[in-house]
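Have a look at the structure below before the remarks.
The values are calculated or read from the model by the stated rules, or taken from the named source; none is laboratory data. Not measured: the values here are computed from a predicted model. All Cβ positions, even for glycine, are placed from backbone atoms using ideal geometry, and neighbour counts span all protein chains on display.
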Amino acid sequence: MTATVPGKASPEQGDPGENRPAQGTAPETRGDPGEDRPGGDPFDRDVLPSPPGASRRLLGSLLRPYRRGVAVAASLLVLQQAAVQAGPLLVAYSIDRALPALRKDDYGPLIAVAVGYLVCAVASGWLQHAFTNAAARVNQRVLKALRERIYRQAQALSVDFHDRYTSGRLISRATTDVESLRELLDEGLQELLAVVLSVIYILITLIWLDIGLGGAALLSFVPLGLLVRNFQRRSIRVYRNKSTAIASVIVKFAETMNGIRPVQSFRRERANEEAFDRLNGHHLRVNGDSILEMARYVILSRTVANVAVAGIVVWGAYRVASDGLALGVLAAAALYLRRLYDPIDRLGMFLNSYQSAAASLEKIAGLLAQVPSVPEPGTPVQLPPRRPGMPGREVVFEGVNFAYRTGGEVLPRFDLALPAGQTVAVVGATGAGKSTLAKLLARFYDPTSGRVLLDGTDLRELATAELRRGVVMVTQEAFLFSGTVAENIAIGRPDATREEVEHAAKAIGAHDFIAALPDGYDTDVRKRGGRISAGQRQLVSFARALLADPSVLILDEATSSLDIPGERAVQRAMDTVLHGRTAVVIAHRLSTVEIADRVLVMADGHIVEDGRPRDLIAGTGRFAGLHRAWRDSLA
Amino acid sequence: MSVPDRSLALMTPDTTRTAERSSVRSLMRLWPYVRPVRVRLFTAAFVAILASCLGLVIPLILKWIVDGPVARKDTDGVWLGGALLLAVGLTEALLFGLRRWLVARPLAGVEASMRAALYGRLQRLPVSFHDRWPSGQLLSRGTTDLQLLRMFLAFPLTFLLVNGTTVLVGCVILLLQEWTLGLVLLAPVLPLVLLCSVFEVRYALAARGAQDQLGDLTTVTEEAVLGVRVIKGFGRNRSQARAFRALSERLLHTELRKARLLAGIWALIMTLPEVAIGAALVLGTLQVADGGLSAGTLVAFLSTALALRWPVESIGFLLAMSNEAATATDRFFDVMDEPVPADVPRGDQDADVARLGKDAGGADVPRPGKGPGGGGRPRGEAESGLCFEGVVFRYPDAPPDAAPTLDGVNLRIRSGETMALVGATGSGKTTLTALVPRLHEVTEGHIVLDGTDVGALPRAELRERVAVAFEEPTLFSATVRENVLMGTAKSEAEDRAAADGAADGPADGPTDGLLERALRVAQADGFVGALPRGAETEVGEQGLSLSGGQRQRLALARAVVGRPRFLVLDDPLSALDVHTEAAVEAALREVLATTTALIVAHRPSTVLLADRVALLSGGKVTAVGTHHELLHSNAEYAELMAGADDPDSTGAVNGTDGTDSTGAMNGTDSTGGTDTPEGTGATDGTDGTGRTDEGTGHTGGSGRHAEGSTA
């Protein structure tokens, strides 16, 4: 099946269970509309490979810090259910004991019943109160910890990972998947515990009241158990489909909102609506399926329960009629049976939220099981102090090569030394390996073999904070975070004062436009800087770099949207504020190259030319040709 | 899918509403979406009430068994009672199932239709709205909130009714059996209702707070993922994580406050009825002892009371869920109430929303009678081209005292002319380009396309005439082909046809010609051909990630593929390397020769694509002329283009003195000859210009299709 349908469903349509040999079920989820992506790369899927049992271990590790809270909540619930289930027992006691005693004018047992009932009522209320609070404290902390773990993991994983696992999927891990776990914890888990406890209490009480009636009730749990298992098996598939379906809806939704400008200008509204309707309609169907699955379960379980109630009550009544059983026991049994089977529906609800939480947890576990390919060092070392008057540091690539984990060598083995304080321009066509070189130096990637040294220290031995004091990279995508302009600049150095922030902005020529914003430096940039032009954003990200004041500055196409005065301001700032720093500049504009001490020309992963700009221009190599073309383009 | 009518939009003119707004009123607003399934929903509720009341019959059967056959030691009577119990039980089970079956698909449908309505609305809301609203907030409205609403319709809504009725019927049964005991049991109902209503208000606030905070947290997460390269580049993981933790800490506190409120109401709901049942038990036992009451009645009485417990207890969490649902409804309508600006502001406004759909389909049909003053009629040959007449623009959310971003822009681009727009960073160039396809609406003044005010054109038609390439090239999760061809008016249908044909090898449809040409103009044919599946390769968020330069070239291809009458390019070559840029410029000149174009330019190489340059400064166009005229006559322009402080580059520019726009055109001719099949550029050029000189955009449109079919 290779037909391409416009706006077709995402790869999320793929069966997420397929990667897991343990499950090995349900290839029938394939064949959803538009499933055609040639498989192979696990990153195309929602569920990243994770060791078996990872979900359970994850849940365990989340709960472990709060085991005391869990224990407290559990004991509160045990007590609370005991208080709740005491009611019918007191009824039986009144009918069988207090009533005869009353007839002998003995009010003692009745007073005991009154006191007992009052105590149970107050206790069950108070315990419920305490339990709700205790459970919320555990649940919400677990959710908070999980959100933070996903967040940290997203940050710890290398750029290589982010290049391949799309942001939409990552965001849906942190939102919808956490949300389904919240439902489980908030509603499902305490429901389940309460149901299980009440079933146990009631069965014990019934057996204690009368072994025959109790035994019969116990027996009824055989078909009920089978029903639950059957429901669970069936709904696993439905739930997985459902979560996959909603994920595609989310992806489409987010993509449209993030690209609203092109959507509107190219009149995509109708086409998008059709595509969205398809995804939404698919979700509607599987959503309906899951509700119907539940309906089926409710009918069957109710039927079993009501048959059991009728049977047990008749048998009990028959025995009372034939004097084999006390009336009070029958009354209590009838009351208990009602309670015993009441929560069976709710058990189904719990199973539902358990299914979706399990599916989500599996996805989250898969994400968390990813080992960052650029790990923090175990025993970080410090960089040697900067030499006075020499703010830059020396960079050495020592026998470095780089290939993606999926194969495909980008940079064959090479050696390169950049003396401290040198400004190096890297030029070459798209795909020549310029950005990879920069990312190795910024330690966005680690080399497949060889080392990248900063003043003789391997980058892999530096803690993040130390590394970023040494090397800072400004990329083409000048992303602004929500918050004020000042806060965005201060990303360069969070402890910077307002004066320092403004100083950096002035040095780069960004002060004027910032001052002209409605609230100056305190203007909120809102949604990814909607109101700030691309050029202005690049200036802001430059101001960040100035503020960070690194020893080595990498500019990866960081001037592409700047106008000429902006570019000059950047060059001026590199000459003054950043004077003496080692700089690696990747730029399409050869104007940037003119300020370089040295030019590297790259082609197909190799450094094919290396020299002073003047010498290269004078020569006959690629750079000379490139430069001529640029000169001509100015004309 | 139901679209809420205008009266809904008028109900909430401001967003300053929180506590005083009642949950019921919020939830009532769901009616238009629920209406289509009302029959099923009401039937289901009726079925549920029936089932629930059947449940109340069971204690009565029990009473009959205890007082009748059991008391009389009549074992046959016991069997009869058993049969009755079984019949009632089975019916109850069936009815419960029936209820769920009745609502399953309709309610999923309500959720889906609300989501579709939200999505459709959001797509049509102006860009200024999207600037204001983080997409995380919008997304949580489209997912979590709507799921919550479906849950509300499925459970709390039905069960508030069902349980309310059950409680009422139960009360009647209780009172009929023994009114004194009944009154004792009913005593806690009034205080419970009062307490619940107090709780309702406080919980609604907390719930709204929690939902908003979750939205904020989503936004931060989203930004942290999208901006991960910046965070890593500056090693700011820790401070970002701190910000995240602060938010999640705040959410934790809100959630715990919610839990405390819930715990309080739960405690009361548990205790009060239980105390009442205890009291009834004691009093009832006394009455049985007196002989005033049969044992069976007491059992039935207590059994009924116990059966009523869940309905009473559930009211607490049903109300809590209803509150969350009301909050979710408010959040949903926060977006739905946002007015979609009228499509044709000076025309009749009533029909515009309904017409949107039609416009997209039948955009080629000329639209007569757009009102005499509406500028709908052509203003004649003299006004063909693209004119800005006293255009003032102020962002709607800008402080009233701030100077407008654009303050009286006057500019005339002649038909077939290419105008470069130059200005300092932040001078409003991008804003000006966004006004042409009406992504933003002008505050004052007019933008006139071939004599027609853009405000008088339906958006769909306008946007078909004007193609845009943005500063930030956004690709969608689709194939390269789909991404590029979305620039053509008819892309959808033909595209699908072409894709079907593509299965048997390279298809020859008209769209293929368009696609090839567009890719060639953008110099994207090379790298697209090298992609794993060529033009059928999936790109964008869900697909292969392309470099900035590659994305920019595809965005450019998308802009030129439909051979639009008007082309607006925002710094279209910024991410290209020198070689590619030169090649794209050469090919682009050929396209520009036949269109009226406005190009935002930051550097001389881009400016030289244009016939003339306009300098935007202080919200006005302060100078218009050729590049060289302005270089010499305008100091600001010279600084922008050459960096006046740098003598070297002035020298470089001086070197260009000899070249003029004819020189540039010569350049095109030679390059065009090497790159394109003979003569296409030239023929298209004369064809297009000839037609546009007649002065109507529609002819241009049909001309395009003619070209498309011959190509």
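Can you name the number of the only condition in (1) closer than 30 Å to A:LEU157 by Cβ; (2) surrounded by fewer than 24 Cβ atoms within 10 Å (Cβ to Cβ); (3) of a type outside the set (Phe, Trp, Tyr) that B:THR221 fails?
So B:THR221 meets the others, but not (2).
Would you mind stating whether B:SER294 is of a type in the set (Ser, Thr, Tyr), at pLDDT 70 or above, buried (at least 21 other Cβ atoms within 10 Å of the Cβ) and out of contact with any Gly (no Cβ under 8 Å at 6 or more places or on another chain)?
It is false that B:SER294 is of a type in the set (Ser, Thr, Tyr), at pLDDT 70 or above, buried (at least 21 other Cβ atoms within 10 Å of the Cβ) and out of contact with any Gly (no Cβ under 8 Å at 6 or more places or on another chain).
Given the options A:ALA331, A:ALA317, A:ALA271, A:ALA305, name the one that is of a type in the set (Gly, Ala, Ser) and touching a Phe, Trp or Tyr at 6+ places or on another chain (Cβ under 6 Å).
Only one candidate qualifies: A:ALA305.
For the condition touching a residue at least 40 places away in the same chain (Cβ under 8 Å) and either at the interface with another protein chain (Cβ under 7 Å from one of its Cβ atoms) or not aliphatic (A, V, I, L, M) (or both), what is the one hit in B:ARG132, B:ARG115?
Criteria check complete, one pass: B:ARG132.
Take the conditions assigned to a helix (DSSP H, G or I) and facing another protein chain (nearest Cβ under 8 Å) and apply them to B:ALA108. Does it pass?
So B:ALA108 fits the description; yes.
What's the number of the only condition in (1) of a type outside the set (Phe, Trp, Tyr); (2) surrounded by fewer than 20 Cβ atoms within 10 Å (Cβ to Cβ); (3) in contact with a Ser or Thr (Cβ under 7 Å, 6 or more places away or on another chain) that A:GLY108 fails to meet?
(3)
Could you tell me whether A:PRO550 is in a loop (DSSP other than H, G, I, E, B) and either in contact with an Asp or Glu (Cβ under 8 Å, 6 or more places away or on another chain) or assigned by TED's automatic domain parsing to the domain that holds A:GLN422 (or both)?
Judged against the criteria, A:PRO550 is a match.
Here is a list of conditions, (1) surrounded by fewer than 22 Cβ atoms within 10 Å (Cβ to Cβ); (2) of a type in the set (Gly, Ala, Ser); (3) within 8 Å of chain B (Cβ to nearest Cβ), and A:GLY566 meets all of them except one; can you say which number that is?
(1)
Which of the residues belonging to the stretch B:558-609 are acidic (Asp, Glu) and more than 9 Å from chain A (Cβ to nearest Cβ)?
Selection gives B:GLU590 alone.
Just to check your reading of the model, which residue among A:ASN352, A:ASN401 is on the phi < 0 side of the Ramachandran plot and in a helix (DSSP H, G or I)?
A:ASN352
Which of the residues that make up the stretch B:118-129 are touching a residue at least 24 places away in the same chain (Cβ under 8 Å) and facing another protein chain (nearest Cβ under 7 Å)?
Correct list: B:GLY120, B:LEU122, B:ARG124, B:VAL127.
On the given criteria, is A:ALA310 farther than 25 Å from B:PRO106 by Cβ and facing chain B (nearest Cβ under 7 Å)?
For A:ALA310, the condition - farther than 25 Å from B:PRO106 by Cβ and facing chain B (nearest Cβ under 7 Å) - is met.
Which pairs do you get when a residue that is assigned by TED's automatic domain parsing to the domain that holds A:ASN241 and closer than 21 Å to B:ALA469 by Cβ, found in the stretch A:258-285, comes within reach of a residue that is assigned to a helix (DSSP H, G or I) and among the small types (Gly, Ala, Ser), reach meaning Cβ atoms under 8 angstrom, with the pair 6+ apart or on two chains?
A:ASN258/B:SER135; A:ARG261/B:ALA434; A:PRO262/B:ALA555; A:ARG267/B:ALA360; A:ARG267/B:ALA460; A:GLU269/B:GLY120; A:GLU269/B:ALA360; A:ALA271/B:SER491
Residue by residue through the stretch A:584-626, note down the ones that are out of contact with any strand residue (DSSP E or B) (no Cβ under 6 Å at 6 or more places or on another chain), of a type outside the set (Val, Ile, Thr) and farther than 22 Å from A:ALA438 by Cα.
Selection gives A:ARG614, A:ASP615, A:ALA618, A:GLY619, A:ALA624, A:GLY625.
Out of everything in the stretch B:544-581 that is part of a strand (DSSP E or B) and at pLDDT 80 or above, what residue ends up being surrounded by the fewest Cβ atoms within 10 Å (Cβ to Cβ)?
Once the filter is applied, the top-ranked residue is B:PHE566.
In the set B:GLU417, B:GLU441, B:GLU461, B:GLU472, which member is more than 8 Å from every other protein chain (Cβ to nearest Cβ) and within 21 Å of the chain's Cα centre (by Cα)?
Step by step, each of B:GLU417, B:GLU441, B:GLU461, B:GLU472 is checked, and only B:GLU441 is more than 8 Å from every other protein chain (Cβ to nearest Cβ) and within 21 Å of the chain's Cα centre (by Cα).
From the list B:ALA87, B:ALA83, B:ALA93, which residue is in contact with a Ser or Thr (Cβ under 6 Å, 6 or more places away or on another chain) and either of a type in the set (Gly, Ala, Ser) or modelled with pLDDT under 85 (or both)?
Answer to the check: B:ALA93.
Quick test for you: out of A:LEU440, A:LEU467, A:LEU453, A:LEU462, pick the one residue that is more than 11 Å from chain B (Cβ to nearest Cβ), modelled with pLDDT of 85 or more and either within 24 Å of A:THR559 (Cβ to Cβ) or buried (at least 22 other Cβ atoms within 10 Å of the Cβ) (or both).
Exactly one residue qualifies, and that residue is A:LEU440.
Scan the stretch B:487-510 and give yes if some residue there is outside any loop (DSSP other than H, G, I, E, B), hydroxyl-bearing (Ser, Thr, Tyr) and at pLDDT below 85, otherwise no.
yes
For the stretch B:169-186, does any single residue satisfy the condition of being under 26 Å from B:GLN287 (Cα atoms) and not in a helix (DSSP H, G or I)?
yes
Find the residue count for the stretch B:310-344, including only residues that are buried (at least 21 other Cβ atoms within 10 Å of the Cβ) and outside any helix (DSSP H, G or I).
Here the count works out to 2.
B:GLY82 versus (1) under 30 Å from A:ALA321 (Cβ atoms); (2) surrounded by 20 or more Cβ atoms within 10 Å (Cβ to Cβ); (3) more than 7 Å from every other protein chain (Cβ to nearest Cβ): which is the lone unmet condition?
Unmet condition: (3).
Taking the stated definitions as given, is A:LEU600 surrounded by 18 or more Cβ atoms within 10 Å (Cβ to Cβ) and assigned to a helix (DSSP H, G or I)?
no
Considering each residue of the stretch A:574-596, count those that are among the aliphatic types (A, V, I, L, M) and within 39 Å of the chain's Cα centre (by Cα), and give that number.
7
Filtering the stretch A:415-437 down to residues that are of a type in the set (S, T, N, Q) and more than 12 Å from chain B (Cβ to nearest Cβ), which residue is surrounded by the most Cβ atoms within 10 Å (Cβ to Cβ)?
Within the stretch A:415-437, the match that is surrounded by the most Cβ atoms within 10 Å (Cβ to Cβ) is A:THR423.
Here's a check for you: in the stretch A:477-509, which residue that is free of Cβ contacts under 8 Å to residues at least 24 places away in the same chain and either within 24 Å of A:GLU557 (Cβ to Cβ) or among the charged types (D, E, K, R) (or both) is farthest from the other protein chains (Cβ to nearest Cβ)?
Ranking the candidates gives A:GLU499 first.
Are any of the residues in the stretch A:338-355 without any contact (Cβ under 8 Å) to a residue 12 or more places away in the chain, farther than 30 Å from A:VAL178 by Cα, touching a helix residue (DSSP H, G or I) at 6+ places or on another chain (Cβ under 7 Å) and assigned by TED's automatic domain parsing to the domain that holds A:LEU181?
No, the stretch A:338-355 contains no residue that is without any contact (Cβ under 8 Å) to a residue 12 or more places away in the chain, farther than 30 Å from A:VAL178 by Cα, touching a helix residue (DSSP H, G or I) at 6+ places or on another chain (Cβ under 7 Å) and assigned by TED's automatic domain parsing to the domain that holds A:LEU181.
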